[in-house]
Amino acid sequence: MTHKMEETFGGYILHNVPFPTELDEAALASLKRMAPILIEQPYAITYLHSFGQDSPFFAGLTNGRFLANRDPETGYTYATPRGHDMYTGNETEWVELPAEGKIHAFTVCHFGSEEFLPDCPFILGQIEMPGADTLFLARLIGLDPHEASLDWIGMKVNGRFRRLSKMKPTDIYFYPA
Amino acid sequence: MRTVYAVAGGVSKFAKARPDKTFPALVKEAYDYALDDIGLTHPQFFELVDGSVASYFSDHFARQLMAGIMVQDYLGLTPKPSHRVEGGGATGGICFQEAWKAVASGYMDVCLAYGFETMSHVATWKGNEFIALASDVSFDYPVGGFYSGYYAMMVTRHMKEFGTTPEQMAHVSVKNHRNAYANPYAQKRQKLTIEDVRNAPMVAWPLTRLDICVMSDGAAATILCSEEGLAKLEAAGAVIPRPLVKVPGIGRGTDAMRMADRPHQSFDDFLKYNLLPSEDTADTRAYYKHLWDKGFRYPGVHSFRAGRMGSKEAYQNAGIHDPLHEIDFVELHDAYTSSEIQTYEDMGLCRYGEGGPFAASGKAFMPGVEYGLELPDEPICPVNPSGGLIACGHPVGATGLMQAVFAIWQLQGAIGKHFGDTTLQVPDAKRGAIHSHAGTGTYVTVSVLERDA
C-alpha cells in the first residue's frame with residue numbers, strides 16, 4: 001500500500017511570473033535567490049524504422065512461421081535473427097524452427113516503461129527453443145503473475161501467433177504446454 | 001604507457017531533481033570542488049589543462065544535442081580539445097579511461113574528465129522508457145522494454161543455477177543504504193532491514209523497489225595527469241597530497257547487446273578465455289568442472305562476461321593476482337542488488353555461483369559499521385563503501401566518475417575531509433577498484449587506483 005500520490009505533468013499555463021517591479025541594485029541581487037522556472041516541453045515523433053535484413057522474421061510471424069538464422073558452415077543457430085554469425089562472420093541463412101521451447105529465465109513486471117504500464121503485471125521470459133543455440137525474449141501468458149516461482153524455469157511452453165499481427169516480436173507469445 | 005595520477009575530484013550533490021541549475025552549472029559545481037581541493041583557480045588551471053573528456057549517456061534526457069560542448073564552454077575550457085563519450089551505464093567509466101589514455105599515451109599531461117546526467121526532466125516511467133531504448137529496439141524493447149525486468153530475468157536464472165536467494169540480495173541493499181548514511185553526497189541515506197527490502201513494492205520479481213537504484217540529477221569531475229603534468233600543477237601552486245594516487249591499470253570488456261544472444265560456452269572455452277589467474281587452481285578447476293557437469297554454461301544470462309574480461313585485463317595491467325585480498329575496496333556498479341552479486345563473481349571476489357553466500361557473509365561490508373545483521377565473517381574487501389548506485393543515485397554520465405572521485409578520496413585518506421565523517425574511510429586503503437557497467441552487461445570498465453609507494 002503506497003501513501004504517496006504519483007507526480008504527473010500537466011500543470012497550469014502560467015502568465016506573469018513574479019518579478020521585482022523595480023530593478024534596483026537590491027532587486028538585481030535578490031534574483032540570485034529566485035526559484036527556478038520549470039516549463040513543460042512536449043516532444044513526439046514518428047520514426048520510420050526498418051527491420052532491414054531481419055524483415056523476413058516479422059513476415060514469418062505474420063504468417064504463423066518462426067524463422068531463425070543459421071550459420072551455413074557451423075550450424076550455429078540464432079533464435080533471435082542475426083544476419084551474420086558472430087563467430088565465423090558468415091552471412092546466415094533462414095531456417096524454420098518449431099514454435100515451442102522451455103522457459104530459461106523469467107520475471108513478472110509489476111511496473112514498466114511508460115509504454116508498457118497498462119500491461120502490468122506482465123511476464124517476460126527467455127525461451128530455449130529446440131534447434132537454437134541462443135534464446136528468444138517473449139511474453140508469457142497463462143501463468144499467475146502473483147504466484148511467480150522458480151519452478152517456472154524449465155517449464156515446456158508453446159508459441160502462439162497473433163492473428164492480427166502488429167509487426168513486433170510480440171506477434172508470437174508463449175503459454176504453458 | 002606513462003604513469004597516470006588521479007589528483008583530485010569533485011561530485012555535485014546527487015538528488016532526484018536539481019532544477020536549481022542547468023547541466024553545465026551542475027558540472028561546474030563538481031569542477032570547482034576539484035580545483036578548490038588542490039587550491040587552484042580556474043585561470044591557473046586553464047593555463048595547464050591540455051583538454052578534457054565529456055560524459056553523458058542520453059540525448060533523450062538532456063533534450064540537447066552537443067551537450068558536451070555546452071559544458072566545455074560553460075567551464076571556460078574552450079578552445080582546448082575535448083570529445084564526448086557514450087556507452088550506456090558505463091559512460092562515466094569509459095570517460096575516466098579515455099582521460100587515462102590521453103595521459104598515458106603522452107597526448108596530454110593534464111586531462112579533465114567530467115560527466116553529468118539530468119534525469120529529472122521526464123517523469124519516472126518515461127525515464128524508464130528512455131533507458132530501455134538502450135536495448136535492441138527491434139527485438140527487446142517492444143516485448144516489454146524495462147531494464148529492471150531484464151535484470152530480474154538474469155537473476156532468476158542465477159537463483160536457479162546457484163540457489164541465490166532474495167534475502168542474500170537484500171543484504172546488499174541494507175549494506176549500501178547503511179553505508180550511504182554517512183555519505184552526504186548520497187541521495188538515499190537509510191537504515192533498513194532485510195524485511196524492509198523484501199516488503200517494499202515489487203517492481204520486477206524478485207526485485208523490489210529497494211533492490212534497484214534510482215534516477216538522479218548529478219555531476220562529477222576528476223583531474224588526471226602525468227608526472228610532468230603533476231610538476232606543472234604544483235609549480236602553479238597546486239597542493240596535492242602525498243602519497244599520490246595513481247591508476248596502474250584499466251580494463252574493458254564487451255558482450256552481445258541482446259542477452260538472448262550471449263553464448264553458452266564449453267568448459268574448455270571458459271578455461272581458455274575467462275578464467276582468472278586467481279582461479280587457476282586444481283580446487284577451483286574441479287569446482288567449475290562440477291558446475292559444467294550439472295549443466296552450467298558461461299556466461300549465459302546469469303553472468304557478465306564483459307565484467308570478467310574487464311577485470312581480467314585491469315588486474316593483469318595492475319599486477320593483481322588475488323583480487324579479494326589485494327584490493328582494499330571496490331566501488332562497483334550496483335544498479336541492482338542482483339548485479340552487485342553477479343559482479344562479485346565477475347571480478348573474482350568469489351567464484352561463479354558463490355556470489356549469494358558472499359553477499360551475506362560480511363566480507364564486502366565496512367568494518368566498524370553496525371548493519372543490524374548477523375554476519376558470519378569479518379570484512380575483507382568493502383564493496384561500495386560510498387553506498388553505490390543504489391543509495392548514492394545513478395546520474396548515468398556522472399556515475400563512473402563519482403566512483404573515481406570516492407576512490408581517490410579513499411586512497412588519499414580524505415573521506416573525513418570530504419564527507420565530514422570518517423565512518424566510511426576504509427582503514428589504510430592502499431588499492432581500490434572501480435567498475436562501471438552498461439546495458440545488460442554490454443560494456444564494462446574496470447579501473448584500478450592505488451596509493452603510490
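The values are calculated or read from the model by the stated rules, or taken from the named source; none is laboratory data. Only a predicted model underlies this, so the values are computations on that prediction, with no experimental measurement involved. Note that we place each Cβ from the backbone using ideal geometry, even for glycine, and neighbour counts take in every protein chain shown. These accessible areas exclude ligands, DNA and RNA; they are computed on the full protein's heavy atoms, side chains included. Shrake-Rupley method; radii C 1.70, N 1.55, O 1.52, S 1.80 Å.
Numbers at a glance
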read-out	value
DSSP bridge orientation in chain B - percent antiparallel, rounded to nearest 5	75 percent
Karplus (6.51, -1.76, 1.60) ³J(HN,Hα), θ = phi - 60°, over segment A:54-69, in Hz, Gly and Pro reported as x	8, 4, x, 4, 6, 5, x, 4, 4, 9, x, 10, 9, 9, 10, 10
Normalised contact order of chain A, rounded percent, pairs of Cα under 8 Å and 6 or more residues apart	17 percent
Euclidean distance of C-alpha centroids, segment B:208-244 and segment B:96-137, integer Å	15 Å
9 Å beta-carbon shell around residue B:123, net charge (K/R +1, D/E -1)	-2
Within a Gaussian network of chain A (alpha carbon springs, distance under 10 Å), most fluctuating of A:53, A:41, A:126	A:41
The protein assembly as shown - percent of accessible surface contributed by carbon and sulfur, probe 1.4 Å	53 percent
Calculated from backbone phi, Karplus (6.51, -1.76, 1.60) coupling profile of segment B:72-77 in Hz, x at Gly/Pro	3, 5, 5, 6, x, 9
Whole-number accessible area per residue in Å² for segment B:5-49, which is evaluated in the context of all protein chains at 1.4 Å	37 Å²
For the pair A and B, total buried accessible area rounded to nearest 100 Å², probe 1.4 Å	4000 Å²
Net charge, residue A:76 excluded, C-beta distance under 9 Å - Lys, Arg +1, Asp, Glu -1	-3
Accessible area of segment B:248-451 divided out per residue, in Å², using a probe of 1.4 angstrom	29 Å²
Dipole magnitude of the protein assembly as shown about its Cα centre (Cβ charges: Lys, Arg +1; Asp, Glu -1), debye to nearest 20	600 debye
Listed residues B:77, B:260, B:236: farthest to the positive end of the dipole of the protein assembly as shown (Cβ charges)	B:260
Net charge dipole size for chain B [Lys, Arg +1 and Asp, Glu -1 on Cβ; Debye, nearest 20]	560 debye
CD proxy at 222 nm, helix term only [per DSSP H run n ≥ 4: -39500 (n - 2.57); per residue of chain A; nearest 500]	-2000 deg cm²/dmol
Selection from A:49, A:16, A:152, by position along the positive dipole direction of chain A (Cβ)	A:152
Hz values of 3J(HN,Hα) by residue in segment B:395-406 - Karplus curve (6.51, -1.76, 1.60), Gly and Pro given as x	x, 2, x, 9, 4, x, 6, 4, 4, 5, 4, 5
Cα gyration tensor, segment B:285-347 - rounded (a/c under 1.5), prolate or oblate	oblate
Residue among A:98, A:130, A:18 with the largest mean-square fluctuation in a Gaussian network model of chain A, springs linking Cα atoms under 10 Å	A:18
Accessible surface, per residue, of chain A when the full set of protein chains is kept, probe 1.4 Å, Å²	65 Å²
Protein-protein interface of segment B:180-221, residues with accessible area decrease of at least 30 Å², isolated chain reference, 1.4 Å probe	B:202, B:203, B:205
Solvent-accessible surface (1.4 angstrom probe) belonging to residue A:162, in square angstrom, nearest 10	100 Å²
Estimated FRET transfer efficiency when R0 is 51 angstrom, pair residue A:73-residue A:27 (beta carbons, to 0.05)	0.10
Dipole of chain B, positive end: most advanced residue of B:87, B:200, B:337 [Cβ charges, Cα centre]	B:200
Two-site label geometry, residue B:369 and residue A:39: point separation in nm, points 7 Å out along Cα→Cβ	4.4 nm
Using alpha-carbon coordinates, inclination of helix B:91-104 to the longest axis of chain B, degrees	60 degrees
FRET efficiency for residue B:294 and residue A:147, using Cβ-Cβ distance with R0 set to 25 Å, rounded to 0.05	0.40
Modelled FRET efficiency - R0 35 Å, residue B:268 with residue A:4, Cβ distances, 0.05 increments	0.05
Antiparallel DSSP beta bridges within segment A:52-176, as percent of all bridges there, nearest 5	95 percent
Candidates A:21, A:46, A:107, ranked by Gaussian network fluctuation over chain A, Cα under 10 Å, top entry	A:21
Distance from segment A:33-95 to segment B:369-412 (C-alpha centre basis), Å	37 Å
Point-charge dipole on Cβ atoms (K/R +1, D/E -1) for segment B:199-354, about Cα centre, debye to 20	360 debye
Total formal charge among the other residues, if their Cβ is under 11 angstrom from that of residue B:275, Lys/Arg +1 and Asp/Glu -1	+1
